[in-house]
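A short write-up of the structure that comes next.
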Amino acid sequence: MIRFALGRALLDLQELTRRLRAECPWDREQTARTIVPHTLEEAYEVADAAINGDDAKLRDEIGDLLFQSYFLALLLSER
């Protein structure tokens, strides 16, 4: 069932984000302000893949941007 698979994938992403924040020194140092350039970079990579019609790269870059969104949400929830 697609709905279950998507829900499980989002829960896995949430857990990965929390684990990286807790265990990775680089991720622990990040703030909502310092993560902005990385989020923008991922957004530009999504746009580039879409403009160039590279569906495989677009799927990959959307995943990276989704991770950035979850990471930013986690940072905001810590405030």
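The values are calculated or read from the model by the stated rules, or taken from the named source; none is laboratory data. Keep in mind the model is a prediction, meaning the values are calculated, not measured. For neighbour counting, all protein chains shown are included, and Cβ atoms are generated from backbone atoms with ideal geometry for every residue, glycine included. Surface accessibility is based on the protein's heavy atoms, side chains included, excluding ligands, DNA and RNA. Shrake-Rupley method; radii C 1.70, N 1.55, O 1.52, S 1.80 Å.
Couple of notes before you dig in:
- In the set 33, 59, 18, only one residue is basic (Lys, Arg) and touching a residue at least 40 places away in the same chain (Cβ under 8 Å); that residue is 18.
- Per this entry, residue 21 is counted among residues that are assigned to a helix (DSSP H, G or I), open to solvent by less than 80 Å² (accessible area, probe 1.4 Å), in contact with a Lys or Arg (Cβ under 7 Å, 6 or more places away or on another chain) and not small (Gly, Ala, Ser).
- Among the conditions (1) outside any helix (DSSP H, G or I); (2) surrounded by 10 or more Cβ atoms within 10 Å (Cβ to Cβ), residue 33 misses just one, which is (2).
- Residue check for residue 13: among the aliphatic types (A, V, I, L, M), assigned to a helix (DSSP H, G or I) and either open to solvent by 50 Å² or more (accessible area, probe 1.4 Å) or more than 15 Å from residue 67 (Cβ to Cβ) (or both): no
- Scanning the stretch 37-65 for residues that are open to solvent by 70 Å² or more (accessible area, probe 1.4 Å) and either within 21 Å of residue 9 (Cα to Cα) or of a type in the set (A, V, I, L, M) (or both) yields 40, 51, 55, 57, 59, 60, 62.
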